[in-house]
């Protein structure tokens, strides 16, 4: 399945989807030393975002979240790509300075955790595990 959105940081990325239905804040919500979501009670609490295609509605929280994404990238713990329903400045700036492919304006209900996802500019291709050959 192909979905067309708006490229925030145009580039290509591939990986397994890690999906949250809740907004995510990087500063205080993701441990920059491990890449694990540490926000208490968050749907992804305990999950590592490193190398995933991280799918969530929008970011939240402090502007330091942009730097946290950059730090995750420098440590090799950043997501391979980011997909949002609606981007906001903190995550967009973090993706741009960290060179993490990012697209928004995507119907997130079409993506499930475990799907194989490719971001290529403004296009998101989704392959369900059962559809792989």
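General observations
- Helix-derived mean residue ellipticity, 222 nm - over the chain, DSSP H n ≥ 4, -39500 (n - 2.57), to 500: -4500 deg cm²/dmol
- Degrees, to the nearest 10: 89-98 long Cα axis against longest axis of the chain: 80 degrees
- Percentage of interatomic Cα-Cα distances in the chain larger than 22 Å: 25 percent
- Under 18 Å from the residue 123 label point (7 Å along Cα→beta-carbon), backbone N, the stretch 1-16: 1-15
- The stretch 39-64 versus the stretch 101-123: alpha-carbon centroid distance in Å: 15 Å
- Between 0 and 90°, nearest 10: helix 64-74 axis offset from the chain longest Cα axis: 70 degrees
- Highest average packing first - 24-33, 40-49, Cβ atoms within 10 Å: 24-33, 40-49
- If both residues of a DSSP beta bridge must be in the stretch 2-131, then about 65% of such bridges are antiparallel.
We did not get these values from a lab; they are worked out from the coordinates using the rules stated. Computed from a predicted model, the values in this text were never measured in an experiment. Here the Cβ is made from the backbone with ideal geometry for all residues, glycine too, and neighbour counts use every protein chain on show.
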